[in-house]
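**Q** One structure is given below, represented as structure tokens, and several questions about it will come after.
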Amino acid sequence: MKRVLWLLLISLLLCGVLSSCADAPATPPAGTEATDSGGTGSGETPEDPGTPIQPGEQTEVDVVLFIGGTNMAGRGDAAGSAECAEGHAYEFRAVSDPTRLYPMTAEFGRAENKGYGLQDGERKTGSMVPAFCEAYYQSTQTPIVAVSASEGDTTVQDWGAGKGKLEDAAERLAAAVEFVGQSETYRVRRVLAVWCQGEADAEAGTGAEDYIRGVEAVFGALFRRGLEVCMVIQTGASIAKPVQYEIIREAQTRLCGENERFVMISDAFAGLLELSGEGGGYTQEAYNLVGTDAGENAARYVLDPDGYVFASGSAAEEEDQYNGPGIELPVDVWRQTEY
């Protein structure tokens, strides 16, 4: 009997405790404010305190050195330049203002002159770089930080060590990589170069072997400083000197075929003779076309280096005043022999 009474007493006590707990208001977790719904002040579930808050992700960018001669410098009309959308590419002005990144515009490289190094004056009037960058971004979704390192009318010998141009280009690339590396907003993914040069060598009669050795020497110095690969935009054609231009184009093809650190990304200039201008330059229309072609192929290479196969986008349209289409050497009608 006593045992039954004790059990009844314990049951009554438990019922009273549970009833008081049910009537008491809920206590919000420490650090939050109670709301009508019983949640946090923001209406969101608090993060698990065991999960660290991740810092904001940095945007990956590819640093690209645009290096070369007349057609890399650009002799087009900036007013007709292809547009590069906001956030798709930036210019790092290593000479005039290395303190920030500028949006990519048709003015690319115009202010980047250095007395002892690369000096193109006011001749950068419109280039293929904006078109290249936009095409590249459309395929990779990765912005480019572009560095201008070009000067018109330069032979491969002009780019040799000790003459200032190579040293200037190397300094510009290093400054860009360092700037992005120290940024809290961006992070370097790839370090690349685009080389477009050769018209001056064709005009000077440079041989294929000398040209290949010269280019390899120039980029050997840059590879040792962290450059990963050099992507080549092939030299165009010429009516006046078809054979000399063909020699340089063939040398560039050989270079890309024999050295894995050189990759052909466009040969389109050779098929645009009707858009060529004076002094080895091209119209802005040509720069937009070639820039887009090169940017698309560069993106294909970056996305799949092992599977990349260059597909020619151009057939050379060379003519001379003797034989019309083609690059056959003229006949010496006085000697009746071919030379």
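**Q** For segment 108-138, give me the residue count where each residue is within 14 Å of the chain's Cα centre (by Cα) and surrounded by 20 or more Cβ atoms within 10 Å (Cβ to Cβ). Steps first, please.
**A** Step one: filter segment 108-138 for residues within 14 Å of the chain's Cα centre (by Cα), giving 108, 128-138.
Still in the list and also surrounded by 20 or more Cβ atoms within 10 Å (Cβ to Cβ): 108, 128-137.
Going through segment 108-138 one residue at a time, the tally reaches 11.
**Q** Take the residues in segment 217-230 that are without any contact (Cβ under 8 Å) to a residue 60 or more places away in the chain and over 18 Å from Ile265 (Cβ atoms); name whichever of them is surrounded by the most Cβ atoms within 10 Å (Cβ to Cβ).
**A** Across segment 217-230, the extreme among qualifying residues is Ala217.
**Q** What's the number of the only condition in (1) buried (at least 24 other Cβ atoms within 10 Å of the Cβ); (2) out of contact with any helix residue (DSSP H, G or I) (no Cβ under 9 Å at 6 or more places or on another chain); (3) not in a helix (DSSP H, G or I) that Ile265 fails to meet?
**A** The number of the failed condition is (2).
**Q** While we're on this one: How many residues are modelled with pLDDT under 50 and either among the aromatic types (Phe, Trp, Tyr) or within 22 Å of the chain's Cα centre (by Cα) (or both) if we restrict to segment 304-326? Can you show your working first?
**A** Kept after step one, since they are modelled with pLDDT under 50, are these residues of segment 304-326: 319-326.
Right, trim to either among the aromatic types (Phe, Trp, Tyr) or within 22 Å of the chain's Cα centre (by Cα) (or both) and you get 322.
The qualifying residues number 1.
**Q** In the set Arg225, Arg190, which member is touching a Leu at 6+ places or on another chain (Cβ under 8 Å) and basic (Lys, Arg)?
**A** On the way: Arg190 fails: touching a Leu at 6+ places or on another chain (Cβ under 8 Å).
Result of the check over Arg225, Arg190: Arg225.
**Q** Could you check segment 137-164 and list, in sequence order, the residues that are out of contact with any Phe, Trp or Tyr (no Cβ under 7 Å at 6 or more places or on another chain), in contact (Cβ under 8 Å) with a residue 40 or more places away in the chain and within 22 Å of Gly69 (Cβ to Cβ)?
**A** Glu151, Gly152, Asp153, Thr154, Thr155, Gln157, Asp158, Trp159, Gly160, Ala161
**Q** If you take the residues in segment 193-216 that are part of a loop (DSSP other than H, G, I, E, B) and either of a type in the set (S, T, N, Q) or in contact with an Asp or Glu (Cβ under 7 Å, 6 or more places away or on another chain) (or both), which one is surrounded by the most Cβ atoms within 10 Å (Cβ to Cβ)?
**A** Going residue by residue through segment 193-216, those that are part of a loop (DSSP other than H, G, I, E, B) are 197-198, 205-207.
Adding the requirement that they be either of a type in the set (S, T, N, Q) or in contact with an Asp or Glu (Cβ under 7 Å, 6 or more places away or on another chain) (or both) leaves 197, 206.
Details: Gln197: 30, Thr206: 20.
The qualifying residue surrounded by the most Cβ atoms within 10 Å (Cβ to Cβ) is Gln197.
**Q** Name the residue that is farthest from Pro98 (Cα to Cα), counting only residues in segment 125-177 that are of a type in the set (Ser, Thr, Tyr) and in a strand (DSSP E or B). Lay out the reasoning, then the answer.
**A** Looking only at segment 125-177, we keep the residues that are of a type in the set (Ser, Thr, Tyr), and these are 125, 127, 136-137, 139-140, 142, 148, 150, 154-155.
Add one more test, that the residue is in a strand (DSSP E or B), and what stays is 148, 150.
Working: Ser148: 12, Ser150: 17 Å.
Within segment 125-177, the match that is farthest from Pro98 (Cα to Cα) is Ser150.
**Q** Sticking with this structure for a sec: Within segment 128-153, restricting attention to residues that are among the polar types (S, T, N, Q) and in contact with a strand residue (DSSP E or B) (Cβ under 8 Å, 6 or more places away or on another chain), which residue is nearest to Ala89 (Cα to Cα)? Give the steps one after another, and end with the answer.
**A** Pass one, segment 128-153, residues among the polar types (S, T, N, Q): 138-142, 148, 150.
Still in the running and in contact with a strand residue (DSSP E or B) (Cβ under 8 Å, 6 or more places away or on another chain): 140, 142, 148, 150.
Values: Thr140: 12, Thr142: 8, Ser148: 13, Ser150: 18 Å.
Per the criteria, the residue is Thr142.
**Q** Let me confirm something: among Tyr282, Tyr245, Tyr301, which residue is among the hydroxyl-bearing types (Ser, Thr, Tyr) and under 21 Å from the mean Cα position of the chain (by Cα)? I'd like the intermediate steps shown before the answer.
**A** Working: Tyr282 fails: under 21 Å from the mean Cα position of the chain (by Cα); Tyr245 fails: under 21 Å from the mean Cα position of the chain (by Cα).
Going through Tyr282, Tyr245, Tyr301 in turn, just one is among the hydroxyl-bearing types (Ser, Thr, Tyr) and under 21 Å from the mean Cα position of the chain (by Cα): Tyr301.
**Q** Name the residue that is surrounded by the most Cβ atoms within 10 Å (Cβ to Cβ), counting only residues in segment 78-107 that are part of a strand (DSSP E or B) and aliphatic (A, V, I, L, M). Write out each step before concluding.
**A** At the first step, the residues of segment 78-107 found to be part of a strand (DSSP E or B) are 89-93, 97-103.
If we keep only those that are aliphatic (A, V, I, L, M) as well, we get 89, 101.
Values: Ala89: 28, Leu101: 22.
In this case the residue turns out to be Ala89.
**Q** Taking the condition of being closer than 17 Å to Leu166 by Cβ and among the small types (Gly, Ala, Ser), how many residues in segment 181-197 meet it?
**A** So the answer is 1.
The values are calculated or read from the model by the stated rules, or taken from the named source; none is laboratory data. Bear in mind that the values here come from a model prediction, so they are computed numbers and not experimental data. A quick note on method: Cβ atoms are made from the backbone with ideal geometry, for glycine too, and the neighbour counts reach across all protein chains shown.
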